[in-house]
Amino acid sequence: MLSQTLITLSLLSLAAAQAPAWGQCGGIGWTGPTTCASGSSCVKSNDYYSQCIPGSNGGGTTTTAQATATTTGGTSVKTGWEEVIGEGSFNSFSSFWNYLYPWGPDHNGSARMKQDKVSVSGGVLTIRADRLSSQDGYSTANPKPAIWYWSGAVHAKSTVVVNDQFPNWEIRGEFKAPTTKGTWPAFWLTGTQSWPPEIDILEFKGNTENWFNTFRSSSDVSTTKANVGNAASTWHQYRIWATKANSKDVTVHFYVDGDWKGQHNAAGFVGKPMWIIINLQMEGSSGSPGPSGSTTYQAQKIYVGRTRAS
Ligand SMILES: *[C@@H]1O[C@H](CO)[C@@H](O)[C@H](O)[C@H]1NC(C)=O
């Protein structure tokens, strides 16, 4: 951990304190670089977020400036940044999190979720998946695979919705995520009232590539893949910035360890509330057979914040 920190610090100083294209370059609370690599310029998105946009005049294709109105009809209203889930939430687990998926113990892989596969210690959430010696029936959720593992899932008590009142959201966390065949960890958002919306912030399917996905429908999906070295053994931060682009659409930016990896048009996501879920599914899209022994997936420093415009 210490050597990782030192490496990170030395890489930062080698970077000559310039943010790369699409990197963050300012905002309240930002302590990183405030100038951009040549070819891009720092464009303010809102008081809390500025980003290096390629193009001599800032391009202007990505972010929409969000005014932080201070009055409505002459009445002062509270505006600005607010924290929804702080980095220490696992230390007060029951205030912020529930066990299982919002809909119960089963989903799209061969693991059935159990509360006792989830533990918390020192601010770190650990989910353990164990192979069963005999099959535990079938998942009740499509595509109803045979259950061969007991594992764990948690979901946040609060939900995410990008709308006029909350036009910007930052959602992030640090994870040690398994990458072996048949392990299918995720940190993702899915609609509480409909599907889609779905945004996958972390999803590994049996190798070291993270899949950032935005599902506009089952056949209309944006995917950005990012290779993550030592994803299983080293903490890495996975993050999104979701910003209201117009009355219907949300623009989602994806980051690993602070590096911008891509952006998706989450068309039609405005006003659609989403659950925040952390789970260790098994097999399914990650291949089978999965591991015969135990698999662990860890999370820490989950953070959810938003701007309040009114
Ligand atoms: C299965 O669930 C994962 C989250 O564990 C999600 O990212 C993915 O989109 C789902 N895939 C299908 C095909 O249902």
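Among the residues in region 163-184, are any in the same structural domain as residue 110 (by TED's automatic domain parsing), without any contact (Cβ under 8 Å) to a residue 12 or more places away in the chain and at negative phi? Among the residues of region 163-184, not one is in the same structural domain as residue 110 (by TED's automatic domain parsing), without any contact (Cβ under 8 Å) to a residue 12 or more places away in the chain and at negative phi, which makes the answer no. Those strands (runs of 3 or more DSSP E) of region 153-242 in which at least 2 residues are under 11 Å from the mean Cα position of the chain (by Cα), considering only elements entirely within it, cover 168-176, 183-191, 198-203, 209-215.
Residues in region 95-143 that are more than 13 Å from the ligand (Cβ to nearest atom), open to solvent by 60 Å² or more (accessible area, probe 1.4 Å) and under 17 Å from residue 286 (Cβ atoms) were compared, and the one that is nearest to the chain's Cα centre (by Cα) is 128.
Residue-by-condition table, conditions (1) at negative phi; (2) crowded, with 21+ Cβ neighbours inside 10 Å; (3) not assigned by TED's automatic domain parsing to the domain that holds residue 132:
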position	(1), (2), (3)
239	yes, yes, no
242	yes, yes, no
245	yes, no, no
254	yes, yes, no
262	no, no, no
274	yes, yes, no
279	yes, yes, no
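For region 99-113, indicate whether the set of residues that are touching a Ser or Thr at 6+ places or on another chain (Cβ under 8 Å) and at positive phi is non-empty. Scanning region 99-113 turns up at least one residue that is touching a Ser or Thr at 6+ places or on another chain (Cβ under 8 Å) and at positive phi.
Residues in region 284-296 that are more than 11 Å from the ligand (Cβ to nearest atom) and either of a type outside the set (S, T, N, Q) or not in a loop (DSSP other than H, G, I, E, B) (or both): 287, 289, 290, 291, 293, 295, 296.
The values are calculated or read from the model by the stated rules, or taken from the named source; none is laboratory data. Treat the numbers as computed from the prediction; the structure is a model and nothing was measured. Please note: Cβ atoms are built from the backbone with ideal geometry, for glycine as well, and neighbour counts cover all protein chains shown. Side chains included, ligands, DNA and RNA excluded: accessible areas come from the protein's heavy atoms. Shrake-Rupley method; radii C 1.70, N 1.55, O 1.52, S 1.80 Å.
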